[in-house]
1. Step by step: first the residues of region 42-69, then only those that are among the basic types (K, R) and surrounded by fewer than 17 Cβ atoms within 10 Å (Cβ to Cβ), then the one that is modelled with the lowest pLDDT. Which residue is that?
2. For region 113-143, give me the residue count where each residue is surrounded by fewer than 13 Cβ atoms within 10 Å (Cβ to Cβ), at pLDDT 95 or above and either in a helix (DSSP H, G or I) or in contact with a His (Cβ under 6 Å, 6 or more places away or on another chain) (or both).
3. Mind listing whichever residues of region 86-112 are buried (at least 18 other Cβ atoms within 10 Å of the Cβ) and in a helix (DSSP H, G or I)?
4. Would you mind stating whether A74 is assigned to a helix (DSSP H, G or I), at pLDDT 95 or above and not acidic (D, E)?
5. List pairs: first in region 10-38 and under 20 Å from N71 (Cβ atoms), second in a loop (DSSP other than H, G, I, E, B) and basic (K, R), Cβ under 9 Å, 6+ apart or cross-chain?
6. Hey, could you check region 144-167 for residues that are surrounded by 17 or more Cβ atoms within 10 Å (Cβ to Cβ) and over 17 Å from P53 (Cα atoms) and say which is farthest from the chain's Cα centre (by Cα)?
7. I'd like the residue in region 70-84 that is touching a residue at least 40 places away in the same chain (Cβ under 8 Å) and farther than 19 Å from F17 by Cβ and, out of all such residues, is surrounded by the fewest Cβ atoms within 10 Å (Cβ to Cβ).
Amino acid sequence: MHALPWGPASFDVVTSFRGIWATTPGAVAEIHRVLRPGGRVGITVWGHLKMSPGAWAIAPFRLAAAKKIHNQAAMVSLGRPGAGEQLLRSCGFLGAERLDMLFACEFADPQLYARALASTGPAYEAIQNVGEAEFHRAAAEQARKQLRDGLPLRAEINLVGYLARKPLGAVKSEGNPLGPDWRQGYGQTVKIPPDQPAGPLWLAHRCREVVGSRHDPGLQAPRHHPDMVP
């Protein structure tokens, strides 16, 4: 993600669903490079994890060594107030919009939850520290406390989304398909209803929705790169 295989100004919209971390700022610079002038970026990052309704589901990650836990905290720091906006500005983006949302995970039973959690990167660091058997035991025990008769395990984790725009710059030949007032309404925080799905398809739709709401119907529709998945 630090060297994307596309040329400059290849895309109208770029999205990332929890794929960018505070420790990978070069990825945001690459997004800026491959976006056309006036193009949109939409990313989600982890929010305030300890305040999440489903914080119990990520508690086993703290079985990692202290150094690893400190690095994990640095990785997810883009959700802190002002952090993501500052990174986007430093990479040349304008009009950052912050969105607070929930990401829901469901598991059939504690054992399935423990197995799924063990497949993640932070879990690997915990397993390195305490061993696989102990990690599975601790995770399953954590999940049993959340059991409800007849219902699956459910964990809702806080996420933060960011929308921003690459400035038009000195490019004049394409005109401004977003209209002269495209900056209106930006710099605000938007609350997403708890029942609103916060996945990558929603994020892509939101980007296109914002672009479309400022699109001059007399101009050609935004281009889409042939390698983009619809």
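1. If we filter region 42-69 for residues that are among the basic types (K, R), which is where we start, we get 50, 62, 67-68.
If we keep only those that are surrounded by fewer than 17 Cβ atoms within 10 Å (Cβ to Cβ) as well, we get 50, 62, 67.
Values: K50: 91, R62: 96, K67: 95.
Going through the qualifying residues, I end up with K50.
2. Final tally of qualifying residues: 2.
3. Across region 86-112, the qualifying residues are L87, L88, P110.
4. Values: assigned to a helix (DSSP H, G or I): yes; at pLDDT 95 or above: no; not acidic (D, E): yes.
Spelling it out, it is not the case that A74 is assigned to a helix (DSSP H, G or I), at pLDDT 95 or above and not acidic (D, E).
5. From residues that are under 20 Å from N71 (Cβ atoms), the pairs are A22/R80.
6. K166
7. A74
The values are calculated or read from the model by the stated rules, or taken from the named source; none is laboratory data. Being a predicted model, the structure only gives us computed values, none of them experimental. Because the Cβ atoms are built from the backbone with ideal geometry, glycine has one as well, and the counts that use them run over all protein chains shown.
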